[in-house]
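The values are calculated or read from the model by the stated rules, or taken from the named source; none is laboratory data. All of these numbers come straight from a predicted model, not from anything done at the bench. Don't worry about glycine lacking a Cβ; one is built from the backbone with ideal geometry, like all the others, and counts go over all protein chains shown. Calculation scope for accessible area: heavy atoms of the full protein, side chains included, ligands and nucleic acids excluded. Shrake-Rupley method; radii C 1.70, N 1.55, O 1.52, S 1.80 Å.
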Amino acid sequence: MKNYACIFDLDGVVVDTAKFHFLAWQKLANSLGFNFSEHQNESLKGISRKESLDIILNWGKIELSDTAKQYWLETKNKWYLENVLQMDKTAILPGAKDFIERVKSVGYKTALGSASKNATTILKIVGLDASFDVIVDGNKTTKSKPDPQVFTMCADALNIEYKNCVVFEDAEAGIEAALSAGMYAIGVGDKMVLKKAGFVVKDLSEMNLERLPFKK
Ligand code: BG6
Ligand code: MG
């Protein structure tokens, strides 16, 4: 038995949903009379829905009552789900399914560590709901990335030491969360954004078992 684990973020690592979060948040900002850039959007990745709304309202210099915030949180999720519910298996990002299967085939554990409250819905839509030994999502956590909670909960549930876990992340906040848990972080996406990662791949099609920093 090899006591190692790979922990995968969902949005932007396993499934191509990061763009739908961006579109829905932009629609919300536009509805309130302002806009924000793709560069600003990088800092929303990995952040919970509620905290993302506060960050965006702050960019637009808009103050809202709790009732109005609740309305916009529900509206954003409705817009987001309109796109998500039209996805199928083709929304799985290149290499993700194969790599997860390869990791399992040699006895390493797998977990999904996501801030999203829609994680199980999305996994079912793309047919990956049985692919992970453990799933920790935004319905189970109380602290948002860059807090390490989501990843330490995965490792604890798998009974694997933090130093023997590798996290795959497309978000700066997620890389920081992994590092502060004492885990190894592999960036998925843009090298210029994910500077603190051990190394960065474009997508999981660039990954193989030899690149994992585990002792053979
Ligand atoms: C993260 C995304 O995975 O989940 C964030 O990177 C998103 O953009 C967060 O805000 C929460 O997702 P949801 O689906 O609960 O709104
Ligand atoms: Mg992500």
Item to check | ³J(HN,Hα), Karplus 6.51/-1.76/1.60, whole Hz, each residue of the range 160-165, x for Gly, Pro | outcome: 10, 4, 4, 5, 9, 10
Item to check | Degrees, to the nearest 10: 49-59 long Cα axis against longest axis of the chain | outcome: 50
Checklist entry - Can you tell me the accessible area per residue over the range 11-85, all protein chains present, probe 1.4 angstrom, in square angstrom? => result 53
Checklist entry - If you roll a 1.4 Å probe over the chain with all protein chains in place, what percent of the accessible area is carbon or sulfur? => result 49
Item to check | Listed residues T142, T67, T121, most fluctuating in the chain (Gaussian network, C-alpha, under 10 Å) | outcome: T67
Checklist entry - What FRET efficiency, computed as 1/(1 + (r/R0)^6) with R0 = 22 Å and r the Cβ-Cβ distance, is obtained for D88 and T120, rounded to the nearest 0.05? => result 0.85
Next on the checklist: Rounded to whole Å, give me the distance from the Cα center of the range 1-62 to that of the range 149-188.
Outcome noted: 19
Next on the checklist: How much length would be gained if the chain were fully extended between S180 and E38, taking 0.36 nm per residue of separation minus their Cα-Cα distance, in nm to one decimal?
Outcome noted: 48.5 nm
Item to check | Taking the chain and dividing mean pair separation by its residue count, relative contact order in percent (alpha carbons under 8 Å, at least six apart) | outcome: 27
Checklist entry - Solvent-accessible area per residue for the range 89-216 at a 1.4 Å probe radius, Å²? => result 46
Checklist entry - Can you give the relative contact order of the range 118-216 as a percent, counting alpha carbon pairs under 8 Å and 6+ residues apart? => result 18
Checklist entry - For the chain, what is the mean residue ellipticity at 222 nm derived from helices alone (per DSSP H run of n ≥ 4: -39500 (n - 2.57); sum divided by total residues; nearest 500 deg cm²/dmol)? => result -12000 deg cm²/dmol
Checklist entry - Of K195, K97, K109, K89, which has the most accessible area with a 1.4 Å probe, and how do the rest follow in descending order? => result K195, K89, K97, K109
Checklist outcome for this item: Row for the chain, column shape: gyration tensor on C-alpha, a ≥ b ≥ c, rounded if a/c < 1.5 i.e. under 1.5, prolate if a/b over b/c, else oblate; value prolate
